[in-house]
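Engineer: This is the structure I have questions about; it appears just below.
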Amino acid sequence: MLQQSLLILFMVAAAATGYASPLNPAGEMMARWPAPSPAVLQSLKDAGITTVFVPFQPHTPQGTAKTAHLVADLPQAASLAALWDSAAAARSAGYSAVAVTATGDPQSFREFLSNQKGLVQFVYLKPEQLDWDVSPAHAVLDSGTWPGLHALDTGTAGASERPWLDANLHLYEYLRAFYPQRLPLLSYHPKNPSANLYSVETALAEAFAGGGNTILDFPESYRQRIVRADPRALTALRSLGKVAAFAKAQQNLLRISNGSRTAVLSQSLEQAEEILNLAYRNNLAPRAVPVTPHPRWEANHIGIMAAVNLDLEPQTATCLIQFLQAGGKVLTAPATEGKPQKWWEAAAPRQLRTQGSSIAYAAGKGEVYVYPEPVSDPAEFALDLMEVAGGDNVEGVGLRGLDFRVWNTGVVLGTLYQNAGEKVVLLTSYGSDQDYDLLLSVRGEFATASYEDPFTNGPKALTVMQRPGRVELDLKSVRRLGIVRLKEKTQ
């Protein structure tokens, strides 16, 4: 009784001061749980999960203070006034951190946050709210899809159909590019209550590979099995902990820049999402480049720019002309049917050939691929983008110019990062564990390469097989998350 009374007094004191210790989601494991018991929270803590989002209750669960940081998920409010009342109730109940869904208008919501004295630490934002300033709270994009293999309709899928992967790497890249001051955070839910136990592990691995984090949400069947202390569920939870510990130890990789030479000019998530998504699905892993401000894109850093379904401002068109003159390649399509802007005519283009749905022109030292109508099929456009990027090689044929390429599996997606003197490829496996010979090709010249994953003891040296303009690396397989580091040759 004395211990319980002291705990209550501590909560009341925290509420009275109005001060909440800020939580740092970088490198930490965060998860949702509908009604956590001390035993469940201990199991989650053993797996490295110390921040747990719980539905708001009139009182904080007893016996949890030493096991986890509890974040109260406040119900979505019908109005900003109702949200003020919910936040006050959470403070009175003893919660020191809450997560809320943004509502009202940006200025009124900002006023609400400034009066919470740190209580609101996470704010769920819809894509159209991403520009809202919710600091010092952490912005969480309430969007995304449960990652993993997507079951195709057996009545329509052919025998040669490659696996379709549900993935979110493009969302992490968009957030990194547009909001570099924020840690990219996603929130989404399992597609079905009986999703694979290891799909939670995939979500965590993908978040790390994308340079961000996610609030893990366990499928219902997984939660029930953890409550029952089912051996298979606890084994999966321990495996999740290994991935988490590995990702946390490699946090320095999140601070380096996207190393892709392919970029997608982006105006908004609505305009760019499917172009980015399908490009990532084809292992192009492009950069998202905001339309504003208008930087000068150097062709030796970015080689291919997709500027499709956009109404270009004159300043942006000027940047693209300079990019072409320096040797870059641009794929362009108008935002509206029948209204091409023809900005490329200022570069005195010379028609070369018809390539698929586009017409290729020489412009300056570069090339521009003009689509007469908006891109309506992002999947087909991704293949066009891959062909242009792949043909940008010393031999001018095939797909050897790609930044990286993965052979012998259709369930591994990569992201590419550039650091001083090295390139890093992060590989996420969206399928079940299996042994297979995986071949990885990376553009450039490298002296050494190594591979590391959460389930091996330290990095393992790889044999570097030099090819014209690229190297090939023979990997045994990728179990959930793998890191390939390549040291560039010094001149």
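Engineer: Kindly indicate the residue of region 446-477 that is in contact with a Gly (Cβ under 8 Å, 6 or more places away or on another chain) and crowded, with 16+ Cβ neighbours inside 10 Å and also farthest from Gln250 (Cα to Cα) among those meeting that condition.
Structural biologist: Among those residues, the one meeting the criterion is Arg470.
Engineer: Is there a residue in region 309-326 that is in a strand (DSSP E or B) and modelled with pLDDT of 90 or more?
Structural biologist: Taking every residue of region 309-326 in turn, none turns out to be in a strand (DSSP E or B) and modelled with pLDDT of 90 or more.
Engineer: For region 107-119: of the residues being touching a helix residue (DSSP H, G or I) at 6+ places or on another chain (Cβ under 8 Å) and part of a helix (DSSP H, G or I), which is surrounded by the fewest Cβ atoms within 10 Å (Cβ to Cβ)?
Structural biologist: Ser108
Engineer: Related question: Counting only residues that are closer than 26 Å to Ala306 by Cβ, give me the helices (runs of 4 or more DSSP H) lying completely in region 207-281 with at least 1 of them.
Structural biologist: Answer list for region 207-281: 269-281.
Engineer: Looking for something aromatic (Phe, Trp, Tyr) and surrounded by fewer than 19 Cβ atoms within 10 Å (Cβ to Cβ) - is there at least one such residue anywhere in region 356-378?
Structural biologist: no
Engineer: How do the strands (runs of 3 or more DSSP E) wholly within region 400-458 filter down when requiring 2 or more residues that are free of Cβ contacts under 8 Å to residues at least 40 places away in the same chain and not acidic (Asp, Glu): which remain?
Structural biologist: Passing ranges, in order: 446-452.
Residue-by-condition table, conditions (1) under 31 Å from the mean Cα position of the chain (by Cα); (2) modelled with pLDDT of 95 or more:
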site	(1), (2)
Thr51	yes, no
His59	no, no
Gly63	no, no
Thr67	yes, no
Leu70	yes, no
Gln76	yes, no
Leu83	yes, yes
Ala93	no, no
Ala102	yes, yes
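Engineer: What are the pairs, 6+ residues apart or on separate chains, where a residue within region 79-93 that is over 17 Å from Ser21 (Cα atoms) has its Cβ under 8 Å from a residue that is outside any loop (DSSP other than H, G, I, E, B)?
Structural biologist: Leu80/Ser108; Leu80/Phe109; Leu80/Phe112; Leu83/Val100; Leu83/Phe112; Trp84/Phe112; Ser86/Val100
Engineer: Now for a different question. Please go through (1) among the hydrophobic types (A, V, I, L, M, F, W, C); (2) surrounded by 19 or more Cβ atoms within 10 Å (Cβ to Cβ); (3) at pLDDT 95 or above; (4) part of a strand (DSSP E or B) for Leu385 and return the number of the only condition it doesn't satisfy.
Structural biologist: With (1) among the hydrophobic types (A, V, I, L, M, F, W, C); (2) surrounded by 19 or more Cβ atoms within 10 Å (Cβ to Cβ); (3) at pLDDT 95 or above; (4) part of a strand (DSSP E or B) applied to Leu385, the lone miss is (4).
The values are calculated or read from the model by the stated rules, or taken from the named source; none is laboratory data. Everything quoted here is computed from the prediction, not taken from an experiment. So basically every Cβ, Gly included, is an ideal-geometry build from the backbone, and we count neighbours across all protein chains shown.
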